1. Enumerate the calculated ³J(HN,Hα) couplings along the range 54-65 in order (Karplus 6.51 cos²θ - 1.76 cosθ + 1.60, θ = phi - 60°), each rounded to whole Hz, writing x wherever the residue is Gly or Pro.
2. Show me, for the range 12-24, the HN-Hα J-couplings you get by feeding each phi into the Karplus relation (A = 6.51, B = -1.76, C = 1.60, θ = phi - 60°), rounded to Hz, glycine and proline as x.
3. Step through the residues of the range 99-107 one at a time and calculate ³J(HN,Hα) from phi using the Karplus curve (6.51 cos²θ - 1.76 cosθ + 1.60, θ = phi - 60°), rounding each to whole Hz and writing x for Gly and Pro.
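What follows draws every value from the coordinates through simple rules; no lab data is involved. In this text, all values refer to a predicted model and were calculated from it rather than measured experimentally.
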Amino acid sequence: MITQFFVELEELPLTPNGKIDYQALVRPELKPPELESSFVAPRNEIEKNLVTIWAEVLGFSDIGIHDNFFKLGGHSLLATRVIARLHDVFEVELPVRALFEAPTVRELAERIHWIAQGTGALTTEDSTTQEQLEGTI
């Protein structure tokens, strides 16, 4: 993996034994990188759930539907965590490759919608979500 950021220190904090005190190191604030697209909020329940999952996995909020998972700092190991959470929340089977092929919230929501529609994973309780999606996709 490639280092995502560097923190410049005048000196490393040391323990009484002279070793690096990792607990005393400054934790950088995680925030999303500057993106080309403007923020667009989630429009339906599937997109809202996806944004919540991505925020948990990536460690920050303010994720829009056009934001790219990998440009936000995601990588293959985090992608596997997202896919596992998608299975828990939406009860759909997706390969990790799906996140590489549909790396935005909007694109992934479309895939989940069509997969769930084919398998019946979206229940009748989700009929408003299905109606909303049909109007937005």
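1. 4, 4, 5, 6, 7, x, 8, 10, 6, 9, x, 6
2. After applying 6.51 cos²θ - 1.76 cosθ + 1.60, I find 7, x, 10, 7, x, 7, x, 9, 5, 8, 5, 5, 8 Hz.
3. 6, 6, 7, 10, x, 10, 4, 4, 5
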